[in-house]
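Student: Before anything else, here's the structure in question.
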Amino acid sequence: MAPVHLAGLLGFARPMAATGHAVPTGPLYSTLLVAHVLCAVVGFGAMVLTAVQAGRARRGPAAPGAATVRRYFGPGPNVAGRFLYGVPVFGFALLAAAGGAFDADDGFVVLGLSMWLAAVLVAELVVWPAERRIQAVIAEGWGDPAAAGALERDCRRVMGAAGVLVVLFVAATVVMIGKP
């Protein structure tokens, strides 16, 4: 068994910023951090829920839960998914409130912002357009055999893109907590 050193344990008990300064505290910083994390969880969670409902939509209008799928894919934008746009807004506000402990050119900030940009591109280019097409099919002719192929393709796209988004979310979470 490896020896445990008290100094090493104290290092975990007193987190340090990437710059060696103590992690900021206070009500403003804490509030911004909660908003930043909440936007990430709601935004990415909505993408996963969209994929789950797309999987259910593939089963057709006679399958159990079809009414829930109809409600979920009702007309209009996925507002919860747009919470993704709050992530960098509150992230930059956190940087401003950090009192110099973190900087916009810190590696973890650049990496996190890059992953966020990739996630938004996947949402904007794959998930949300496919979601709009799924909404149209469900509203106009969910059971129509002529629309079945396009619906299947769009549902698979949403589900695959959600898998990419989950990987990005987990990676971003690790980067934000670990601050490499």
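The values are calculated or read from the model by the stated rules, or taken from the named source; none is laboratory data. Quantities reported herein were computed from a predicted structural model and do not represent experimental measurements. No Cβ is skipped: glycine too gets one built from the backbone with ideal geometry, and neighbour counts run over all protein chains shown. For accessibility, only protein heavy atoms count, side chains too; no ligands or nucleic acids. Shrake-Rupley method; radii C 1.70, N 1.55, O 1.52, S 1.80 Å.
Student: Scan the range 36-49 and tell me whether some residue there is open to solvent by 80 Å² or more (accessible area, probe 1.4 Å), of a type outside the set (Phe, Trp, Tyr), at pLDDT 95 or above and over 16 Å from the mean Cα position of the chain (by Cα).
Tutor: For the range 36-49, residues open to solvent by 80 Å² or more (accessible area, probe 1.4 Å), of a type outside the set (Phe, Trp, Tyr), at pLDDT 95 or above and over 16 Å from the mean Cα position of the chain (by Cα): absent.
Student: Could you check ASP105 against (1) in a helix (DSSP H, G or I); (2) more than 24 Å from VAL164 (Cβ to Cβ) and say which number it fails?
Tutor: Among (1) in a helix (DSSP H, G or I); (2) more than 24 Å from VAL164 (Cβ to Cβ), ASP105 violates only (1).
Student: Which of the residues belonging to the range 98-109 are among the aromatic types (Phe, Trp, Tyr) and surrounded by 19 or more Cβ atoms within 10 Å (Cβ to Cβ)? If you could, list the steps in order and put the result at the bottom.
Tutor: Residues of the range 98-109 that are among the aromatic types (Phe, Trp, Tyr), as a first pass: 102, 108.
Within the range 98-109, just PHE102 meets the criteria.
Residue-by-condition table, conditions (1) over 16 Å from GLY74 (Cα atoms); (2) in a helix (DSSP H, G or I); (3) open to solvent by less than 70 Å² (accessible area, probe 1.4 Å):
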| site | (1), (2), (3) |
| --- | --- |
| LEU111 | yes, yes, no |
| LEU117 | yes, yes, no |
| ILE134 | no, yes, yes |
| ALA146 | yes, yes, no |
| ALA150 | yes, yes, yes |
| ALA161 | yes, yes, yes |
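Student: Return the residue satisfying two criteria in turn: it lies in the range 43-72 and is of a type outside the set (A, V, I, L, M) and without any contact (Cβ under 8 Å) to a residue 24 or more places away in the chain, and of such residues it is farthest from LEU121 (Cα to Cα).
Tutor: Among them, the one singled out is PRO64.
Student: With the condition kept exactly as written, say whether any residue in the range 75-90 is touching a residue at least 60 places away in the same chain (Cβ under 8 Å), of a type outside the set (Val, Ile, Thr), assigned to a helix (DSSP H, G or I) and surrounded by 13 or more Cβ atoms within 10 Å (Cβ to Cβ).
Tutor: no
Student: Residue check, ALA96 against (1) out of contact with any Leu (no Cβ under 9 Å at 6 or more places or on another chain); (2) without any contact (Cβ under 8 Å) to a residue 24 or more places away in the chain, all met but one. Which one?
Tutor: With respect to (1) out of contact with any Leu (no Cβ under 9 Å at 6 or more places or on another chain); (2) without any contact (Cβ under 8 Å) to a residue 24 or more places away in the chain, ALA96 is out only on (1).
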